[in-house]
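Q: Here you go, one structure.
The values are calculated or read from the model by the stated rules, or taken from the named source; none is laboratory data. What you are looking at is a predicted structure, and each value in this text was computed from that prediction instead of being measured. Quick reminder, even Gly has a Cβ in these numbers, built from the backbone with ideal geometry, and neighbours come from all protein chains shown. Ligands, DNA and RNA are stripped out before the accessible areas are found, and what is left, the full protein with its side chains, is counted by its heavy atoms. Shrake-Rupley method; radii C 1.70, N 1.55, O 1.52, S 1.80 Å.
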Amino acid sequence: MSTTSPAVGYVDGFLLAVPTAKKDAYRRMAEQAAPIFFDHGALYLAENWGDDVPHGQLTDFYRAVKAEPDETVVFSWVVWPSKEARDTGMKRFMEDPRLKDMTDMPFDGKRMIFGGFAPLLHEARP
């Protein structure tokens, strides 16, 4: 049985390369950012450290973010109740004064890929 989850109204996806040696710094940054996302309406946040990411022949995650040999690909997403909640929440997130304390970004933001996605199909085990 396929259903669209009513809890997933909109998803922001992020793909980036993080220096492998800065994994702990990235985790700390993500832990600081999570409550800010939640305070501005996010329902769920996932940060995923690349573990089994193959190199492709034509395209792959590494090429997408121009990852260097000493970097690991990170795949993240934030779930929002709706696109409208995301638009408002992301604006407030970016304006939140707590972000000013997060000055040491452990990755090159210029190589981050991000985008908003409308749910097409979400399934859960019954």
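Q: By a straight-distance test (C-alpha under 17 Å), which aspartates and glutamates pair with K91 as possible cross-link partners, with residues fewer than eight away in the same chain excluded?
A: D12, D39
Q: Based solely on its DSSP helices, what 222 nm [θ] is calculated for the chain when runs of n ≥ 4 H residues each add -39,500 (n - 2.57) and the sum is averaged over all residues, nearest 500 deg cm²/dmol?
A: -8000 deg cm²/dmol
Q: Of the heavy-atom accessible surface of the stretch 62-103 (probe 1.4 angstrom), what whole percent is carbon and sulfur?
A: 56
Q: In square angstrom, rounded to the nearest 10, how much accessible surface does M105 have for a 1.4 Å probe?
A: Counting only protein heavy atoms, M105 exposes about 90 Å² to solvent.
Q: Tell me, what is the per residue accessible area of the stretch 54-107 in Å², probe radius 1.4 Å?
A: Per-residue value: 69 Å².
Q: Still on this structure: Rg(Cα) of the chain divided by 2.2 N^0.38 Å?
A: Normalised Rg, Cα atoms only: 1.13.
Q: Between K23 and W49, what is the label-to-label distance in nm when each label sits 7 Å out along the Cα-to-Cβ direction?
A: For the pair K23/W49, the computed spacing is 0.3 nm.
Q: Provide, in order from the shortest bin, the percent of all Cα-Cα pairs of the stretch 25-79 in each 10 Å bin, continuing until the bin that contains the maximum pair distance.
A: For the stretch 25-79, the binned pair fractions read 21, 43, 27, 10, 0 percent.
Q: Could you work out how far apart the two model spin labels at A30 and F75 are, taking each label as a point 7 Å from the Cα in the direction of the beta carbon, and quote it in nm?
A: 1.3
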